[in-house]
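One structure below.
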Amino acid sequence: MQNEAESSDAVAVDGGPTTARLGTEQDAQLARTALLTLADFEPGWSEVPNDPEDPFEALYDERDRRLSECSGRPDSGDLIGASVGEAKAETGTFTSPDTDSTIDSSVGLAPDVPTAIAGMAELEDPRLPACLQETFRWFIQTVIDSPPNPDNALPEGASIGEVTVARLNVAPVGDQVVALRTTLPLQIGGITVTQYFDLVFVRSGRALVALQFGSVWQPFETNYLDWFTAIAAGRLA
């Protein structure tokens with residue numbers, strides 16, 4: 001028979017109660033139940049599963065290494081990776097009917113609430129926007145110069161304009177919210193094609209969710225960001 005301490009699902013951390021960590025696989029299973037699903041979207045949206053043999057994988061790894069080196073984070077990954085380790089799950093890429101908009105999400109459970117809070121604090125580091133700006137620019141320039149997959153090569157003569165990253169205000173949900181918007185203009189055949197990447201992070205207890213909203217021509221409307229962020233945050237409970 002377990003004693004009281006072993007059977008309890010709460011432990012004291014810094015004088016306050018918090019949920020004790022389950023096993024990594026158990027946490028990963030819990031994380032999967034909190035992910036967005038295709039049922040959350042309007043008709044016409046689709047979900048493309050992540051490709052384990054994605055030709056961009058090595059480029060993603062180098063991107064993460066550069067971001068980690070710039071920001072001083074031990075592990076950038078999807079920006080919540082260092083806080084949750086392997087106790088996480090992720091969706092594929094949800095794509096709008098006109099293919100101009102995409103949404104990706106991942107959910108992870110930190111070992112305890114203080115670790116989750118520390119992870120959010122890193123996302124509020126004033127160095128992060130500049131590091132994201134530098135990393136995004138490097139990534140796109142590399143794709144222009146040496147595309148990992150010829151099928152995804154940008155047209156000859158394409159160039160990147162001024163990349164900007166700024167903090168973004170979204171409706172408060174959960175216990176904490178951090179959001180950033182990256183604006184990335186591309187010059188293609190005399191036309192400026194502007195891409196937007198909105199990153200939204202929410203903490204509820206020791207649970208963390210990361211959402212990426214990608215769009216072309218114009219950014220996601222704020223009420224749309226708030227809608228999906230609220231859905232994701234609600235499932236963290």
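The values are calculated or read from the model by the stated rules, or taken from the named source; none is laboratory data. All figures in this text were calculated on a predicted structure; none of them were measured in a lab. Positions of Cβ are generated from backbone atoms using ideal geometry, with glycine treated the same way; all protein chains shown enter the neighbour counts. Just so you know, the surface numbers come from the protein's heavy atoms only, side chains and all, with ligands and any DNA or RNA stripped out. Shrake-Rupley method; radii C 1.70, N 1.55, O 1.52, S 1.80 Å.
The single condition among (1) out of contact with any Gly (no Cβ under 9 Å at 6 or more places or on another chain); (2) surrounded by fewer than 19 Cβ atoms within 10 Å (Cβ to Cβ) that residue 136 does not satisfy is (2). Scanning the stretch 118-133 for residues that are over 19 Å from residue 229 (Cβ atoms) and open to solvent by 40 Å² or more (accessible area, probe 1.4 Å) turns up 118, 121, 122, 126, 127, 130, 133. Count of the stretch 121-140 residues, restricted to those that are modelled with pLDDT of 90 or more and farther than 23 Å from residue 216 by Cα, is 0. Which residue out of 226, 145, 151 is open to solvent by 20 Å² or more (accessible area, probe 1.4 Å), of a type in the set (D, E, K, R), out of contact with any helix residue (DSSP H, G or I) (no Cβ under 7 Å at 6 or more places or on another chain) and modelled with pLDDT of 90 or more? Selected residue: 226, the only one of 226, 145, 151 that is open to solvent by 20 Å² or more (accessible area, probe 1.4 Å), of a type in the set (D, E, K, R), out of contact with any helix residue (DSSP H, G or I) (no Cβ under 7 Å at 6 or more places or on another chain) and modelled with pLDDT of 90 or more. Sub-7 Å Cβ pairs linking a first residue in the stretch 60-71 that is crowded, with 17+ Cβ neighbours inside 10 Å to a second residue that is among the charged types (D, E, K, R), at least 6 apart or interchain, are 68/75; 70/134; 71/125; 71/127, ordered by first then second residue.
Annotation note: Cβ proximity below 7 Å between a residue of the stretch 220-237 that is within 16 Å of residue 96 (Cβ to Cβ) and a residue that is assigned to a helix (DSSP H, G or I) (sequence gap 6+ or interchain) occurs for no pair.
Taking residues in the stretch 164-189 that are within 25 Å of residue 206 (Cα to Cα), and partners anywhere that are in a strand (DSSP E or B) and among the hydroxyl-bearing types (Ser, Thr, Tyr), the pairs with Cβ atoms closer than 7 Å and at least 6 places apart or on different chains are 174/204; 175/204; 181/196. Among the residues of the stretch 154-174, just one is within 26 Å of residue 55 (Cβ to Cβ) and open to solvent by 80 Å² or more (accessible area, probe 1.4 Å), namely 156.
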